[in-house]
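Here's the structure, in structure tokens; my notes come after.
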Amino acid sequence: MDPNEEFQTLTVRHLDSLHAYALLLARDGPRAKDLLQETLLRAFRAFGSYKRDLSFKVWMFTIMKNVSLDWVRGLRVRPVAEEWNGEGGVGGNGEETAASVVPLDPEQILIRNLTVEHVRRAIKNLPAIFREVVELREIEGLSYQSIAAIIGRPIGTVMSRLYRGRNILRAVLQESSSDTVISRRAL
Amino acid sequence: MTCDVARAKFFLYLDGELAGEEQAALETHLYTCPDCQRLMHLERTFRTRYLDRLGPDPAPEAVRREVVRLLEALPARDVRAWLRSHRRPSMIRLGTVVVGIVLVVGGGVIGVAFRRLGNGASVSLTQLAEASVEQHQKLTRGLLPYDVREMSPTRMEQWFKGRLDFNVNLPELPRKNLALLGGRISYLRDSQVAALHYQLDGKDVSLFVMPLETYRQLGLGGRPKFKIVTYQGYDVIVWASHGVAYSLVSEIGGQSCLVCHSPDERLDFPTGFRAHGRL
């Protein structure tokens, strides 16, 4: 297949995912559109060096993350990690070893008989630092290694953020009465 | 394996991230522990009922249409026209407002030497300076990889020839403490430019060479020949010569002129600019 055609086909195939990740990184629709455009321009120029054994989606997400980091450096958007100010966990920055975390029992959530939309909304309301890895895993179905490559962090950090994000999500879905109670239970 | 250790691995197991002995140990524990079996069943149910049904929200139809048009424009190298008609101007407008406010209150963040420029040209110059500084930061921090490196100016000119639809004439390196580190094709305000990264006495200097058409479209021209903006602490000098236009970015004021000129040349800079004070 002609490379231009291949690039177009792959981009259109993954457009929903690309737009969703752009929204996550850029925070609003207009900026997300800019981020998506700039990512496509950069990716198109680099498509000759794209290795076909790597997922196109992961490759594009990595480029998009880099573009967004460029923007952060240029102060066009706030960095994702700065949004989390929770005091819990080793080092106080939301990082800890994954092995020390036991998942919250999902039984109460199942009893509540929530809809998928409830879960989707709860994921969108997670602190950005956790939302990113939870979305990349639960919605995009990416492996830990791919997520680590995209966000430029070690796999251990991915695991840690994923455990925490999932537990916060469960706490929110179990009892959405008080953020304070939720954060204590989840963290 | 204790129940706590086993449960701490549930996510890994269900995510398919456990293998080998760890996976076997967990499966052995599950086989012998009804409590963990029950929890694992709940985990699977939770996934099946909710998580497996999640997918990305569909991109809005307007975004989809624009992306398709952009994709069609990319191979035809008609991206500039496409971006000119589609790019959201709000950040530029915001930047302009900020520049305006700072100028009104006389703040020190952005100082502008616009003396003989009209309002429209002043705004354009600020936008060009903003874009130049952004590219300079990326180029000098290694965020924009070079297309070519370690070449003489003459060979680099040859490299750009045929790749850009305007001539790139680079100055020879008149001083030993001046090095041309690399170059690339880049974009300034949707216009394709040659971006050159120099170091002068170890200080980064970027030179962007653009088509004269871009310069004219910005309403720039006439006097002063060298238009000077200080933006975010960077000194930006913009001028046109011999059918192309240039934007020179550095943190060393008029010293950056040494990229093109010998120290004894006299240039037409406004009073107060540290143009040649340290030459």
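Restricting attention to the range A:123-138, the residues that are assigned to a helix (DSSP H, G or I) and crowded, with 20+ Cβ neighbours inside 10 Å add up to 11. When the criteria are applied in full, A:ILE182 fails the requirement of being surrounded by 19 or more Cβ atoms within 10 Å (Cβ to Cβ), modelled with pLDDT of 90 or more and of a type in the set (A, V, I, L, M). Here B:LEU39, B:LEU103, B:LEU54, B:LEU94 are screened, and the one residue that is at pLDDT below 85 and at the interface with chain A (Cβ under 10 Å from one of its Cβ atoms) is B:LEU94. Restricting attention to the range B:6-25 and to residues that are aliphatic (A, V, I, L, M) and without any contact (Cβ under 8 Å) to a residue 12 or more places away in the chain, the residue that is farthest from B:GLN37 (Cα to Cα) turns out to be B:ALA19.
Every listed requirement among (1) under 30 Å from A:THR39 (Cβ atoms); (2) at pLDDT 80 or above; (3) surrounded by 16 or more Cβ atoms within 10 Å (Cβ to Cβ) is met by B:LYS138 save one, (2). Exactly one residue out of B:GLU17, B:GLU22, B:GLU66 is crowded, with 16+ Cβ neighbours inside 10 Å, closer than 20 Å to A:MET159 by Cβ and either within 8 Å of chain A (Cβ to nearest Cβ) or at pLDDT 85 or above (or both), and it is B:GLU17. The sole residue among A:GLU38, A:GLU6 that is more than 9 Å from every other protein chain (Cβ to nearest Cβ), surrounded by fewer than 20 Cβ atoms within 10 Å (Cβ to Cβ) and modelled with pLDDT under 90 is A:GLU6.
When residues of the range B:1-14 are filtered for being surrounded by fewer than 18 Cβ atoms within 10 Å (Cβ to Cβ) and either within 7 Å of chain A (Cβ to nearest Cβ) or in contact with a Ser or Thr (Cβ under 7 Å, 6 or more places away or on another chain) (or both), how many remain? Of the residues in the range B:1-14, 1 are surrounded by fewer than 18 Cβ atoms within 10 Å (Cβ to Cβ) and either within 7 Å of chain A (Cβ to nearest Cβ) or in contact with a Ser or Thr (Cβ under 7 Å, 6 or more places away or on another chain) (or both).
Of the residues making up the range A:144-169, those that are within 18 Å of A:ARG121 (Cα to Cα), crowded, with 21+ Cβ neighbours inside 10 Å and not β-branched (Val, Ile, Thr) are A:LEU162, A:ARG164, A:GLY165, A:ARG166, A:LEU169. Within the range B:31-58, the set of residues being out of contact with any Phe, Trp or Tyr (no Cβ under 9 Å at 6 or more places or on another chain), surrounded by 15 or more Cβ atoms within 10 Å (Cβ to Cβ) and in contact (Cβ under 8 Å) with a residue 24 or more places away in the chain comprises B:CYS33, B:ARG47.
The values are calculated or read from the model by the stated rules, or taken from the named source; none is laboratory data. Note that this is a predicted model, so its numbers are computed, not measured. Ideal geometry is used to build each Cβ from the backbone, glycine not excepted, and the neighbour counts take in all protein chains shown.
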